[in-house]
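Some notes on the structure that comes next.
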Amino acid sequence: MFTFFLIGIIVFFICALLKDIGMGMGLGFGLFAIFSILRFRTRNFSVKDMAYIFTTIGISVINSMSMQEVPIFGYLIINIIIIVSVFILEEHLRKNNFSKYSVSYDNLDLLKPGSNNKLIKDLSSRTGHEILCVKVRNLDLKKEVAQLDVYFKD
């Protein structure tokens, strides 16, 4: 979600500013070519790192445009919106960051409807983590084992 919002914000501002420039499409394609080269010619970056690289390139392109229609105050507002968006998205990501792992679970009685609190309490005591959510991925009634995806906060 972080990457989608951040890239969406940057692309919006670039497109909004490029529509008034005659060479806008060429500059836009050049920007995406640079992004593609970075993606495929360098070591593998995480999606979040690529969003930051794209944001840095986008801010550089936006700030390098010299248009008389947009005063320096307009560029300042655009940069502030981008920076505040990054902080808001980082804070949202930090609050909603969950880890997930798979567990083989043997007490099928706790998988029945209405036993969700007991299941979470049992898994919390067994794993040592405060479990927030449990999803049943696979259920094998012959072996009496269930594969669960267990979510907990870092």
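The values are calculated or read from the model by the stated rules, or taken from the named source; none is laboratory data. This is a predicted model, so every value here is computed, not measured. Note: ideal-geometry Cβ built from the backbone for every residue, glycine included; neighbour counts use all protein chains shown. Each accessible area value is taken on the protein alone, full model and side chains, heavy atoms only, with ligands, DNA and RNA left out. Shrake-Rupley method; radii C 1.70, N 1.55, O 1.52, S 1.80 Å.
Worth pointing out:
- Filtered by the rule that a residue be among the polar types (S, T, N, Q) and exposed (fewer than 10 other Cβ atoms within 10 Å of the Cβ), the range 81-120 gives Asn96, Asn97, Asn117.
- Taking the range 1-81 and the helices (runs of 4 or more DSSP H) fully enclosed by it, the elements with 1 or more residues that are within 30 Å of Phe98 (Cβ to Cβ) and at pLDDT 70 or above are at 2-18, 47-64.
- Only a single item in (1) outside any loop (DSSP other than H, G, I, E, B); (2) within 32 Å of the chain's Cα centre (by Cα); (3) surrounded by 14 or more Cβ atoms within 10 Å (Cβ to Cβ) is not met by Cys133, and it is number (3).
- Just one of the listed residues (Leu132, Leu141) is hydrophobic (A, V, I, L, M, F, W, C) and under 30 Å from Leu6 (Cα atoms), namely Leu132.
- Total residues in the range 106-128, condition outside any helix (DSSP H, G or I) and touching a helix residue (DSSP H, G or I) at 6+ places or on another chain (Cβ under 8 Å): 2
- Within the range 142-154, the set of residues being open to solvent by 100 Å² or more (accessible area, probe 1.4 Å), touching a residue at least 12 places away in the same chain (Cβ under 8 Å) and over 20 Å from Ser99 (Cβ atoms) comprises just one member, Glu144.
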